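The values are calculated or read from the model by the stated rules, or taken from the named source; none is laboratory data. Predicted model only: the values in this text are computed from it and were never measured. Neighbour counts are summed over all protein chains in view; Cβ atoms, including those assigned to glycine, are modelled from backbone coordinates with ideal geometry.
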Amino acid sequence: MKKTFLLLLFSLIPLLVLAQNAVTGKVKTAEGESLPGVQILEKGTGNGTITDLDGNFTLTVGDDAALVVSYVGYKTQEVAVGDQTNIVVILTVEEKGLDEVVVIGYGTAKKKLNTGANLNVKGEDIQQLTPSNAMDALQGISPGVSITRNNGQPGAGNKVYIRGIGTTGNANPLYIVDGVAVGSIDYLSSADIASIDVLKDAASAAIYGSRAANGVILVTTKKGKAGNKTVITYDAYTGWQNVYKKPDLLNAQEYIAIINEGEVNDGLVPTDFSTL
């Protein structure tokens with residue numbers, strides 16, 4: 001019986017080997033330059049590798065496999081392996097977003113020409129998050145921006161730090177809504193926001209002066225356009241807050257019983273609380 005099992009096991013090994021195909025290849029740019037560090041993944045699996053310094057890679061894949069080739073700054077490509085054993089992949093530059101206009105102080109500039117540390121969040125992205133107010137929309141999507149709630153009271157404001165605290169006094173950033181300085185943007189509805197720009201570096205101080213020592217948050221609200229139809233939308237959100245790990249307190253009778261028990265253990269006469 002043991003010999004039969006081993007014979008069956010060894011007979012299956014060649015079939016498993018045949019189901020794996022070794023694929024080699026090279027990843028280059030449209031100009032013919034080799035790309036090192038490109039991620040090569042077999043689609044639908046965790047099997048993958050990266051290209052070496054010369055842009056070469058080797059990967060063992062299954063039958064009817066497809067390779068997903070991705071690299072920062074380049075368009076992701078999907079390549080069917082088929083009967084190929086050597087594949088050359090040409091990646092093209094991803095130019096998406098380079099011509100977008102970002103707000104910088106009192107003006108605008110194309111993103112590819114802007115050298116400042118700025119963050120832009122579009123209104124469409126904010127709507128997908130369904131935040132309760134404008135500041136909640138920046139939580140988790142703005143590197144270098146720390147947002148905390150002052151207390152647990154409903155409707156309480158947020159404390160915002162951009163790259164830490166820049167002054168010894170008021171550490172709040174400067175808020176600009178449609179060109180007007182305001183004390184906070186918590187009152188704004190996320191549905192009214194077209195975009196939010198966060199200016200993080202010292203370049204903002206050249207525009208707004210010492211008020212920008214802790215950064216600047218620029219908000220552009222939505223505006224009506226001539227010829228567009230009137231659209232009325234309504235969104236409602238509800239929520240609740242609970243005390244975390246609230247202690248289970250004793251009532252009066254339970255408290256008296258514990259006090260009397262402690263006095264008895266100490267050799268004392270229990271207090272008659274009924275006379276107090």
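Number of residues in segment 241-271 that are under 50 Å from the mean Cα position of the chain (by Cα) and among the charged types (D, E, K, R): the value is 4.
Identification of strands (runs of 3 or more DSSP E) wholly contained in segment 1-120 with 3 or more residues that are touching a strand residue (DSSP E or B) at 6+ places or on another chain (Cβ under 9 Å), surrounded by 15 or more Cβ atoms within 10 Å (Cβ to Cβ) and modelled with pLDDT under 85 yields 101-104. When Val219 is tested against (1) outside any loop (DSSP other than H, G, I, E, B); (2) surrounded by fewer than 11 Cβ atoms within 10 Å (Cβ to Cβ); (3) in contact (Cβ under 8 Å) with a residue 24 or more places away in the chain, only condition (2) is not met.
Checking each residue in segment 259-276 for being surrounded by 10 or more Cβ atoms within 10 Å (Cβ to Cβ) and not polar (S, T, N, Q) picks out Ile259, Glu261, Gly262, Glu263, Val264, Leu268, Pro270, Phe273. When segment 228-275 is filtered for residues that are assigned to a loop (DSSP other than H, G, I, E, B), small (Gly, Ala, Ser) and at pLDDT 80 or above, only Gly267 remains. Yes or no: segment 151-172 includes at least one residue that is modelled with pLDDT of 75 or more and either in a loop (DSSP other than H, G, I, E, B) or farther than 30 Å from Asn242 by Cα (or both). Looking through segment 151-172, at least one residue is modelled with pLDDT of 75 or more and either in a loop (DSSP other than H, G, I, E, B) or farther than 30 Å from Asn242 by Cα (or both).
Taking first residues from segment 239-262 that are within 19 Å of Phe273 (Cα to Cα) and partners that are in a helix (DSSP H, G or I), the Cβ contacts under 6 Å between residues at least 6 apart in sequence or on separate chains come to Ile256/Phe273. Pairs are defined by a Cβ separation below 8 Å, a sequence spacing of at least 6 or placement on different chains, a first member in segment 38-59 that is free of Cβ contacts under 8 Å to residues at least 12 places away in the same chain, and a second member that is surrounded by 15 or more Cβ atoms within 10 Å (Cβ to Cβ) and among the charged types (D, E, K, R); the pairs so defined are Gly48/Glu42. For segment 233-249, the criterion of being among the aliphatic types (A, V, I, L, M) and surrounded by 11 or more Cβ atoms within 10 Å (Cβ to Cβ) is satisfied by no residue at all.
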